[in-house]
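Below is one structure; the comments refer to it alone.
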């Protein structure tokens, strides 16, 4: 038997007084061996991220702290060592890839300088040698032009590139343990597949133990050796990946797996022949200008390039593609959040793309949007009831009528009426998304644009929100544009799917046909990159 790299015994983590429970984690037992990938899965609030932070010595003490048990690493109990000792271990022997690299990276330091901090603190290498090593690291994680990226700032990189830079930083000192906390949640399927392959490749090369935290069972199926399932701070099931995914025993594990959208597209519905939106040759370009007429113009990018597609009454049209494919820009053009360069966007025969602000006003209530991040799109200083009623009041509706409708909509989206007088921060992510949906319905639209509305939600909450959207679409006879990078979700939600790549719509067709017989090479690449595809997740339970 290989000696474990780390062993947790009866670990408990206390929450602050007044929290909804006493322990964030209770009685946790865990071992991680060299070269092994252990996946910890569970919904938000299950304690999985705090388990990782306890191992790194990064709990937000004194409010959240270890309440009992031990973490044995390298012959020492990490719950009892000094902060100086933890600083020596952190980054050097145990490293962490955080969920959101844009918030974990320092925006005013270059990528190279941020990686260099580890070398300056833990090694005696000369500056020139450190730079050479950093460039080699960036090359190892397959970043293009590493000698240029070393001097780039986080905002100059794409989401996938920032995540690769975070991996390079975490692997700088060849750690024994790598903790990956939801590192692929917001990434599109092809970038996610590249990141997962990269982690496995580097793990094999360095025999690193990987503690991988996720709520995506597709990712678990692709990379895990063993799995631990957590609920409310307790381990409810553990075992090999085949055992947990194929023969789950605990009701909670079964419920999580049952909530995973199936890859088999749902049965086709009858198609209306009446188009509610017709777009023809839409073009939107960014860049191509210089600051105050000085210097060279920015690089010009056609985010949407000659796109034509129809949305029919009562249907859900999915738009899929990688980050940067232009799908969100196209959606914002449709609802006139941004103006197009050229092309037509017709609603009932009227080209709204050319209307001025006043002439556009009558169409505003018909076109509404559900945004990807409800917390960023809800005003934190305004109570939920007023947020929902704001649109109708702005359009001239009586205040009391608008408030009455807001209360009705809270019921429609499955929230208690008491939510009316609470602020957005008092709700969970899934509940905030429901509030965002209620706000978009307040103006009684007949066209709803949903931009990645479930990408950051747990599978069970995601299933609830998708079911809610489907019920509302039927109940209110909505036509919907559904933007997603999750093809499992697209298979269950969409009647037709449009695939975008670099601003161009490369393929459009009924969902079942597109999944069963994709025509374009890019569509085939997206389908091949779906995590856990071979396991047919969601078929069990």
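Coordinate-derived values only; no laboratory data. Please read these numbers as outputs of a predicted model, since none were measured by experiment. Glycine gets a Cβ as well: all are built from the backbone with ideal geometry, and neighbour counts include every protein chain shown.
Taking a ≥ b ≥ c as the square roots of the eigenvalues of the Cα gyration tensor of segment 374-444, is the shape rounded (a/c under 1.5), prolate (a/b larger than b/c) or oblate? Because a/c hits 1.5 or more and a/b exceeds b/c, segment 374-444 counts as prolate.
Legend: Rg and Dmax of segment 279-428, from Cα coordinates, 19.0, 56 Å. Computed from Cα positions, the angle between helix 459-476 and the longest principal axis of the chain comes to roughly 0 degrees.
Counting neighbouring Cβ atoms within 10 Å and putting the fewest first, the residues 262, 127 line up as 127, 262. Angle of helix 384-394 to the longest C-alpha principal axis of the chain, folded into 0 to 90 degrees and rounded to 10: 30°. Residues 388, 97, 345, arranged from fewest to most other Cβ atoms within 10 angstrom of their Cβ, appear as 345, 97, 388. When a/c is below 1.5 the answer is rounded, else prolate if a/b is larger than b/c, else oblate, so apply that to segment 158-280 with a ≥ b ≥ c taken from the square roots of the Cα gyration tensor eigenvalues. Oblate, since a/c reaches 1.5 and b/c is not below a/b.
Decide, for segment 37-127, between rounded, prolate and oblate: order the square roots of the alpha carbon gyration tensor eigenvalues as a ≥ b ≥ c, take rounded if a/c falls under 1.5, and otherwise choose prolate if a/b is larger than b/c, else oblate. Oblate. Considering only alpha-carbon pairs that sit under 8 angstrom and 6 or more positions apart, the relative contact order computed for the chain is 16 percent.
Put a dot 7 Å past the Cα of residue 72, heading toward its Cβ, do the same for residue 133, and the two dots end up 3.2 nm apart.
Here the residues 83, 467, 43, ranked from fewest to most Cβ neighbours within 10 Å of their Cβ, fall in the order 83, 467, 43. Summary of the geometry: segment 477-516 and segment 1-41, compared by the centres of their Cα atoms, lie 40 Å apart. Taking every C-alpha pair closer than 8 Å and separated by at least 6 residues, the mean separation divided by the residue count of segment 374-444 gives a relative contact order of 46 percent.
Modelled spin-label separation between residue 120 and residue 506, with each label point placed 7 Å from Cα along the Cα-to-Cβ direction: 4.3 nm. What is the distance in Å between the Cα centroid of segment 225-256 and that of segment 347-402? With segment 225-256 and segment 347-402 each reduced to a Cα centre, they are spaced 43 Å. Helix 159-170 and the longest principal axis of the C-alpha atoms of the chain enclose an angle of approximately 10°.
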